[in-house]
1. For segment 102-144, which positions are polar (S, T, N, Q) and surrounded by 17 or more Cβ atoms within 10 Å (Cβ to Cβ)?
2. Quick check, is Ala123 farther than 19 Å from Ser80 by Cα and touching a residue at least 40 places away in the same chain (Cβ under 8 Å)?
3. Identify, by number, the condition in (1) closer than 17 Å to Ala177 by Cβ; (2) over 16 Å from the mean Cα position of the chain (by Cα); (3) surrounded by 16 or more Cβ atoms within 10 Å (Cβ to Cβ); (4) not aromatic (Phe, Trp, Tyr) that Gly71 doesn't meet.
4. Could we say that Phe99 is surrounded by fewer than 19 Cβ atoms within 10 Å (Cβ to Cβ), in contact with a helix residue (DSSP H, G or I) (Cβ under 8 Å, 6 or more places away or on another chain) and under 20 Å from Ala36 (Cβ atoms) here?
5. Just one of Ser135, Ser139 is of a type outside the set (A, V, I, L, M), within 12 Å of the chain's Cα centre (by Cα) and at pLDDT 95 or above; which is it?
6. Those residues that are at pLDDT below 95 and either closer than 12 Å to Asn32 by Cα or under 21 Å from the mean Cα position of the chain (by Cα) (or both), I need them from segment 186-206; list them, please.
Amino acid sequence: MCRRAAGLRGGQSGAVMSVHLVLSHPLADSLNAHLAGEVERAVLARGLVLDRLDLYATAFAPALTQEERRGYYEPIAMPSAVADLHNRLLAAEHLIVVFPTWWFAAPAMLKGWFERVWSPGIAFDQGTPIRPRLSGLKSILVITTLGSPWWFDLLIARRPVRRSLKMGVFEACAPQARFDMLSLYEAESIEPARLVRFEARIRRAVERLE
């Protein structure tokens, strides 16, 4: 866990924007970890509050428990195992998620974070349709790497990760949040110049945080 609070920008009074950075990759020396580091540096350079969560490094358990599933529909006290993660999500004004796309889906670890942390009473209220609760989120930035070329993801697969996250999760729980997604294609054969250009895109995305 990494939480850092920087000074107020420009000497102005008031709260500093809070950014929740979530990394989901099992390797500490992975390209995704490198990109998360770029995000962290860009956020801190702006003087924002950073709360970094590395799901693998913290040994997050992604499987939804029986009690948590019952809590989706029954008025029972939710287990406290993820209470801290609930609080960290609720405190965020901006969410940045970094992960690899595997088999045209998010990793199981990240999906488990959504299932266990984006729970009823926290991210939404049950109903048809469900009612959003994450009104404090102003923006959501997704950064993902893919082994496939852009044309396969866009034209053949029709961007399944973007559709499932944007429409199935974020618009349901935080419809007011501005959504953006940066996809690094053919990441297994990335050359230095293209990586530098992608890092610049990350910095520009962080600069756009309101």
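The values are calculated or read from the model by the stated rules, or taken from the named source; none is laboratory data. Only a predicted model underlies this, so the values are computations on that prediction, with no experimental measurement involved. Positions of Cβ are backbone-derived with ideal geometry, glycine not excepted, and every protein chain shown enters the neighbour counts.
1. Looking only at segment 102-144, we keep the residues that are polar (S, T, N, Q), and these are 119, 126, 128, 135, 139, 144.
Residues satisfying the conditions are Ser119, Ser139, Thr144.
2. Numbers: farther than 19 Å from Ser80 by Cα: no; touching a residue at least 40 places away in the same chain (Cβ under 8 Å): yes.
Spelling it out, it is not the case that Ala123 is farther than 19 Å from Ser80 by Cα and touching a residue at least 40 places away in the same chain (Cβ under 8 Å).
3. That leaves (1) as the condition not met.
4. Working: surrounded by fewer than 19 Cβ atoms within 10 Å (Cβ to Cβ): no; in contact with a helix residue (DSSP H, G or I) (Cβ under 8 Å, 6 or more places away or on another chain): yes; under 20 Å from Ala36 (Cβ atoms): yes.
So Phe99 fails the test.
5. Details: Ser135 fails: within 12 Å of the chain's Cα centre (by Cα).
Result: Ser139 is the single residue among Ser135, Ser139 that is of a type outside the set (A, V, I, L, M), within 12 Å of the chain's Cα centre (by Cα) and at pLDDT 95 or above.
6. The answer is Glu188, and nothing else.
This table checks each residue for (1) under 27 Å from Lys166 (Cβ atoms); (2) at pLDDT 95 or above.
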| site | (1), (2) |
| --- | --- |
| Leu23 | yes, yes |
| Val49 | yes, yes |
| Leu55 | yes, yes |
| Gln66 | no, no |
| Tyr72 | yes, no |
| Leu89 | yes, yes |
